[in-house]
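For reference, the structure is listed below as structure tokens.
The values are calculated or read from the model by the stated rules, or taken from the named source; none is laboratory data. As the structure is a computational prediction, the values presented were derived from the model and not from experiment. Don't worry about glycine lacking a Cβ; one is built from the backbone with ideal geometry, like all the others, and counts go over all protein chains shown. Ligands, DNA and RNA are stripped out before the accessible areas are found, and what is left, the full protein with its side chains, is counted by its heavy atoms. Shrake-Rupley method; radii C 1.70, N 1.55, O 1.52, S 1.80 Å.
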Amino acid sequence: MKRDFGLPPRFALRFLRWFCPDELYEGIEGDLLEQFKVDRKQFGAKKAKRKFSWNVINFFKADIILRNRFTFKLINTIMIGNYFKVASRNILKRKMYSFINAFGLSVGIAFCILIFLFIMDERSFDQFHANKNQIYRLEEKSYDYETWQRDPKQPYFRSAYLPLPMMPAVKDELPEVIYATRFNSGATGVVRSGDKVFSEKGIAYVDVDFFKMFSFNLIAGNREKLFSNKFEVVITPAIAKKYFDGQDPLGKILQIDEDGNKEFTVTGLIESPPANSSIEFDILLPQSARSRYERQISKWGNFNTPTFVQLVPNTDLKKFTLNLDKVIQKHMSDKLEKWRKDSTVPIPDNVKMFEMEFTQLPDWHLKKEISWDKVSDPQYSWILGGIAALIMIIASINYISLALTTSASRKTEVGIRKVAGAQRQQLIWQFSIESIVLSVISMIIGIGMVFLFLPSFNQFTDKAVTISFSTASWVLLAGFALTIFIGLLAGSYPALFLSSFRPALVLKGTFTSKVQAGFTKPLVVIQFVLSAFLIMSSVIMYRQMKYITTKDLGYNKEQILVIPTQTGYNIEGNKMVERFRTRLQQEASIVSVAGTDISFNHGYSKYGYKIKGEQRAAYVYTVDPEYLPTLGATLVQGRNFDARIAADSNAIIVNEALVRDMKWKDPLTEYVNYQEDSASLGAKVIGVVKDYHFLSLEKNIEPMFLAMYQRNYYLTTMLIKVTPGELPDKLEMIRKIWKELAPDKPFDYSFLDEDISKQYKSHEQWMGIMGLSTSFAILIACLGLFGLSGINALNRTKEMGIRKVMGAEVKNIFILLNRQFIWLAMIAFAIGGPLSWYVMSKWWLKDFQFKITIGWELFAVSVAAGLLVALITVSYHALKTAWLNPAETLKNE
């Protein structure tokens, strides 16, 4: 079809039609078309079209666009102002319902914001490093017999601890590796400068590439020249302030006694790691300064050193994996073959004894399969997020219920507004704005609650979440978005319901105020199912933790102080224990003093050994003869160690679990060659101690033996048992004796019962979180039940009035109104009880080898408590309706 190029541009005509008022359009269009014809004759079609488009744009003016629209906008502005005025009046008029609504929503908003902050913190770990996507942690994946026994399909042990020489090997032999560093953290040592002496637990050993890989800000020092020798140290500002009073620390000397006293020169001041860092340290020392470094640098059989690498950008990770395998084959093939041959259990040929894996830096924190200082289970975020979402939904449901409860009292208002000309859309806007206003009030209260409860929330979750300037914007944005969403969602049904009233019926008095809200009953059941689940779960957690803290552990943990010798792992520790025992025995309040290399919850040592060709493993504790008497442990066979008998330095005392594991008939005739001494039978068993829980109750009592201190095995900790009562005075006395015998060493202590309770810290945190969630859920569910009971009382007001006229007593009406809610609560507990039993048995209690039995009495207590809460909640409306004068309720019908 031939196009007519003599017509004006269509897009210009469409644009004119879009913005021009209807009453002006024909006149303006006619003028423009006439001018277009004149221009086409004078200038031609092409130029005429350009002038036509320009003329249309010239008409795009405020006086044309807003012609006859100013009054309409003014009316809308006035109406919106009226909506807010009416909303504020209704909120103030119904103070109780408004308070309940605002409080319920604010609790839900506060909980959601707290969980939002928690998830943000979890996801923010290690994100501040510039090279985060190129940094990887190397990990071992090795065949493990004990793991195979638990799950033959996954017979692998995974760990981030590798041989010390792994780092130089991968850096020198793999082209993909730019930088590499080892990182050994958590070392404890005595640090001194002048007269300032403290015990520090944040000592870490790294390589020089550490400062090139990670984005910790070097405040002072030359990054390229750090650790030029092994007697240099890099410290954080907190350490500098502690030892040098804010002076420039560079060039100053720190004496560090981690395993022998050495002097280190401060050559760098580095920024402290933030709370969301997987890497923690206070003091950084060179790897070459580690004890026994020279002996272990060529040993590929000791797995004790985490290793990090930074790869070339866009590295082919599959090729890198193959190259890692080549490094393993080159340096560990002989050892791996020996491990395979020495295994007492046949290992299939297709099962690799050892291979390497790796994890990108941002994924360290949430990879729970690999043990790490700050590892976290990603399921926590999902669980808390789910609870927050559910609580928010319940809060919205409550709003609907409470809004419907008050709807009947506003029927006259709606009728008058409709008679006066109000359209349904305007009424919907009015009620929606009321909902949004109440939501905004709730948001303000909720944000206030966030600031109020954030310290407690951090304590529950073991976090250090703060609302900084950067996070405040996210919090406000999330809170505002949540508020608008809740306001529209929660206010939508009441708005539609109230705006549907028929004015003729309302004003004639024939309108029924009965609210058909049967759909809220299953919602309230859901609310109480959640509440029942949380109540029962919290009770189970409480009972389990009480069981743990009161269970007989096989020894006496009370009145025992745990004091590190602060001497490092050497013979000085043994001498320190003897000096203190001699001195403290002169005090009447001291029962005994014992020495050990590892105390409860302060690490462990496990040895593998062969007996008659069978591979076995057991936990080993180096102790002195006072160890068992101090703990009150019981010998069932044989005798205790005796320092006067020289042969006892090569003797052991085993527990009953080891005897069962070995199937010994007469353990006092047996030997354990755990030191692999080919010239002797090994250590003779001189006693059997009754099983006691040296590990947490999450684990079974495993094979264990005690060895008396000997060459190369040292005591590092004292256990001091004191008499009951006046503990502060005794503690001060021990402190003075410490200053007398070890004036150059810091005094540090803990209580044995506190050390043992720290084993269950994560479980106690989840108990706190569940308790907090339970409180929120019960509170909001009760608000929902309160609303539903109000609807029920409203619907049955006249019925109850008739019953009272017919002679019904208050107690009969009270029971009649509350009966259905008690049934709803019982149905909820009938569903929540089995759900709680299943989840707690399969999820929480499964971590404990020693646990409570979930009996009917737990559920009976929970049901009774839940029903009592429900009864108290619904009693207000029931009693209010029962006490109404029937003359008031019946006069309008």
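Read phi for every residue in segment 540-553 and hand back ³J(HN,Hα) as whole Hz from Karplus 6.51 cos²θ - 1.76 cosθ + 1.60, θ = phi - 60°, with x for Gly and Pro.
Per-residue couplings from phi come out as 5, 4, 4, 5, 5, 5, 5, 4, 5, 6, 10, 5, 5, 8 Hz.
Residues with amide H under 5 Å of Thr305's amide H, sequence separation 5 or more or different chain, H placed in the peptide plane at 1.01 Å from N; which?
It is Leu162, by chain and number.
Over the chain, calculate the relative contact order: mean separation of alpha carbon pairs under 8 Å at least 6 apart, over the residue count, as a percent.
RCO, the chain: 14 percent.
HN-Hα J couplings of segment 432-438 from phi, Karplus 6.51/-1.76/1.60, θ = phi - 60°, integer Hz, Gly and Pro as x?
5, 5, 4, 5, 5, 4, 5
How large is the direction-averaged shadow of the alpha-carbon convex hull of the chain, in nm²?
The directionally averaged projection comes out at 59.1 nm².
Express in nm, to one decimal, how much length is gained between Gln360 and Ala865 on full extension, taking 0.36 nm for each residue of separation and deducting their alpha carbon distance.
177.0 nm
Could you please tell me the mean projected area of the C-alpha convex hull for segment 208-249, averaged over all directions and given in square nanometres to one decimal?
Computing the convex hull of the Cα atoms and averaging its projections yields 3.2 nm².
Simple spin-label model, 7 Å along Cα-to-Cβ: Gln247 to Leu835 in nm?
6.6 nm
Binning at 10 Å from 0, report for segment 196-341 what percent of all alpha-carbon pair distances ends up in each bin.
9, 33, 30, 18, 8, 1
To the nearest 10 degrees, how steep is helix 378-405 against the longest Cα principal axis of the chain, on a 0 to 90 scale?
Taking the Cα atoms of the chain, the angle to 378-405 is about 30 degrees.
When N counts the residues of segment 249-331, how does its alpha-carbon radius of gyration compare numerically with 2.2 N^0.38 Å, as a ratio?
1.50
Taking the Cα-to-Cβ direction at Ser371 and at Leu322 and moving 7 Å from each Cα, how far apart do the two end points lie in nm?
3.5 nm
Using the heavy atoms of the protein chains and a 1.4 angstrom probe, tell me the accessible area per residue for segment 209-287 in square angstrom.
Accessible area per residue: 41 Å².
Just the number, please: carbon plus sulfur as a percent of the accessible area of the chain, 1.4 Å probe, no ligands or DNA/RNA counted. Intermediate values should be presented prior to the final figure.
Working: 25480 of 44190 Å².
Roughly 58 percent, rounded to a whole number.
Just by accessible area at a 1.4 angstrom probe, what is the order of Glu413, Glu434, Glu224 from largest to smallest?
Putting Glu413, Glu434, Glu224 in descending order of accessible area: Glu224, Glu413, Glu434.
Mind checking which lysines have their C-alpha under 20 Å from Lys85, skipping anything on the same chain fewer than 8 residues away?
Cα-Cα hits under 20 Å: Lys73, Lys93, Lys95, Lys411, Lys418.
Given a cut-off of 20 Å, name the pairs among Lys546/Lys699; Lys171/Lys319; Lys318/Lys368; Lys575/Lys684; Lys171/Lys368; Lys201/Lys730 whose C-alpha atoms lie farther apart than that in the structure shown. Please list the in-between numbers first.
Details: Lys546/Lys699 17 Å; Lys171/Lys319 15 Å; Lys318/Lys368 23 Å; Lys575/Lys684 25 Å; Lys171/Lys368 27 Å; Lys201/Lys730 26 Å.
The answer is Lys318/Lys368; Lys575/Lys684; Lys171/Lys368; Lys201/Lys730.
Given a Förster distance of 60 angstrom, what is the FRET efficiency for Lys736 paired with Asn812, based on the Cβ-Cβ distance and rounded to 0.05?
For Lys736 and Asn812, the calculated efficiency is 0.20.
Determine the per residue accessible area of segment 635-729 with all protein chains present and a 1.4 angstrom probe, expressed in square angstrom.
Details: 4570 Å² over 95 residues.
In whole numbers, segment 635-729 has 48 Å² accessible per residue.
Enumerate the calculated ³J(HN,Hα) couplings along segment 587-598 in order (Karplus 6.51 cos²θ - 1.76 cosθ + 1.60, θ = phi - 60°), each rounded to whole Hz, writing x wherever the residue is Gly or Pro.
Running phi through 6.51 cos²θ - 1.76 cosθ + 1.60 with θ = phi - 60° gives 9, 5, 7, 9, 7, 6, 10, 10, x, 8, 8, 9 Hz.
Between Lys225 and Thr265, what is the label-to-label distance in nm when each label sits 7 Å out along the Cα-to-Cβ direction?
Distance between label points: 1.0 nm.
Along the Cα-to-C-beta direction of Tyr749, a point sits 7 Å from the Cα; which residues of segment 544-558 have their amide N less than 17 Å from that point?
Hits in segment 544-558 for Tyr749 at 17 Å: 557-558.
For Lys575 and Leu218 in one chain, what is 0.36 nm times their gap in residues minus the Cα-Cα distance, to one decimal in nm? Mind showing how you got there, number by number?
Details: separation 357, 0.36 × 357 = 128.52 nm, distance 4.11 nm.
Net length gain for the segment: 124.4 nm.
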